[in-house]
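Engineer: Once you've had a glance at the structure underneath, I'll fire off some questions.
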Amino acid sequence: MNKKDNILDINNLEKSEESAAAATEEKNSKPKKENLMVSIFNKVDNLPSVGDLVEGHVIGIEKSRLYVNLQPYGTGIIYGREFIGARDIIKKINPGDIIAAKVVEVENDDGYIELSLKEARQAMIWSEAEEAIKNKTVLDLLVNEANKGGLILNWQGVAGFLPASQLKAEHYPRVADGDKDRILDELKKLVGQRISVVIIGATPKEGKLIFSEKSPEFKDKEKIIEKYKIGDDVMGEVTGIVDFGVFIKIEEGLEGLVHISEINWSLVEDPRSLFKVGDKLKVKIIEIKDGKMSLSLKALKENPWKEAAKKYKKGDEVSGVVIKFNKYGALASIEEGVAGLVHISEFGSEAKLKEKLELGKSYPFKIALFDPKDQKMTLSYAEKKS
């Protein structure tokens, strides 16, 4: 028999103006129509066992005790800690109402069948969770908390966990080097928002629920990625832009990263100045490893170092534009996509380097090292003599 036919949703019990009359009728005469659970009891000899869900009419509520008619086996009682734990539920109950409860003791010292409303509710919740998993039911839930591993959501009074790995691409924390503190900062931005999730795991004994924001039809990433190989040119859509690069969705369930170093041959300081979410881009697959895909935009363009190899050599005097300062010195570009380092040691200190060189200005340099194969070049400042 389907449990749903036997279990009353306690939370939906409504007060009725006819409750008291119904209780009186229950005491004075046999009900015209027995409920389904009572009908079953009349046909079997075995008493309900500990853990069984049963239902019956409430025949009285007094002095922190609630009595339930479980004919033909006697009277059930909810009292003590079970009564206190279910006070919010009991406030909604009146004599004559039919309720479901869980048997915690078949017969106590006073001859009553001890019952629990709270445990009955919990049992129904886990039964509903199993149905939700089976039916892939989509739930719209509020994000209550965040930790370094994911989000905490509440469903039917049960706290559940949504791992960061189960977030959709637009909610996944885009953090370089897996910095846990920065991941937490990103996840905290979702607290207070409602998101659509499905239950993918339920462990009643441990009171655990696991959620996923990904579609129930989400394909296994490993199977999707098998269709692609290094060197493929593919079209994708920008789904996220961060300091260290751009995330591109190749197809549903598959996303790759264009690292900032792979956006262009020339220096890129801020990817946000070049792209926006929703842009359609052609990219080249340059690495597939551990289920992750690395992409490149610059690999679709001609490598400027190939032409530079024909034009420059060690010892050449060149003109270069200072495009960036770093802790090692200054980066100067001698043409689009071809730049070299002017080391700070030539100047003695960062302050003296910046006295001589300014961002955006052109200066004479001498090529001290030139390795076009590995795209490396160092320059020496060739100060003009007055």
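Quick note: the coordinates plus some simple rules give every number you see, no bench work behind them. Quantities reported herein were computed from a predicted structural model and do not represent experimental measurements. Heads up, the Cβs are rebuilt from the backbone with ideal geometry, glycines too, and the neighbour counts pull from every protein chain shown.
Engineer: Using the count of nearby Cβ atoms within 10 Å as a rough guide to exposure, how do Met293, Met235 rank from fewest to most?
Structural biologist: Ascending Cβ contact count within 10 Å gives the list Met235, Met293.
Engineer: If R₀ is 41 angstrom, what is the calculated FRET efficiency for the pair Ile288 and Arg81, using the beta carbon separation as r and rounding to 0.05?
Structural biologist: 0.10
Engineer: Let me ask something else. Label points 7 Å out from Cα along the Cβ direction at Glu251 and Lys223: separation in nm?
Structural biologist: Reported label-point gap for Glu251 and Lys223 is 1.2 nm.
Engineer: Something else now. Counting other Cβ atoms within 10 Å, which GluC sites (Glu not before Pro) in the stretch 58-141 have at most 13 and lie in a DSSP loop?
Structural biologist: For GluC sites (Glu not before Pro) across the stretch 58-141 that sit outside H, G, I, E and B with at most 13 neighbouring Cβ atoms in 10 Å, the list reads Glu107.
Engineer: Related question: Using a Förster distance of 30 Å, how high is the FRET efficiency between Val138 and Val104, based on the Cβ-Cβ distance and rounded to 0.05?
Structural biologist: Efficiency for this residue pair is about 0.30.
Engineer: Number of Lys pairs in the stretch 95-202 with C-alpha atoms less than 23 angstrom apart, excluding same-chain neighbours closer than eight positions?
Structural biologist: 12
Engineer: Going by a ≥ b ≥ c, the root eigenvalues of the Cα gyration tensor, does the stretch 81-158 fall in the rounded group (a/c under 1.5), the prolate group (a/b larger than b/c) or the oblate group?
Structural biologist: Cα axes put the stretch 81-158 in the prolate bin.
Engineer: Can you compute the modelled spin-label distance between Val158 and Asp88, with each label point 7 Å from Cα toward Cβ, in nm?
Structural biologist: Label at Val158, label at Asp88, 1.6 nm between them.
Engineer: Count neighbours as other Cβ atoms within 10 Å of each site's Cβ, and list the GluC sites (Glu not before Pro) in the stretch 312-376 that are DSSP loop with at most 14 such neighbours.
Structural biologist: Counting only loop positions with at most 14 other Cβ atoms within 10 Å, the GluC sites (Glu not before Pro) in the stretch 312-376 are Glu336, Glu358.
Engineer: If I stretch the segment between Ser127 and Lys301 completely, what's the gain in nm (0.36 nm per residue apart, minus their alpha carbon distance), one decimal?
Structural biologist: That pair, Ser127 and Lys301, stretches by 56.9 nm at full extension.
Engineer: Extending each Cα 7 Å along its Cβ direction at Val50 and Asp233, get the distance between those two points in nm, one decimal.
Structural biologist: A separation of 7.2 nm, rounded to one decimal place.
Engineer: Suppose R0 equals 22 Å. What FRET efficiency, 1/(1 + (r/R0)^6) with r the Cβ-Cβ distance, do Asp185 and His259 give to the nearest 0.05?
Structural biologist: My answer for the efficiency is 0.55.
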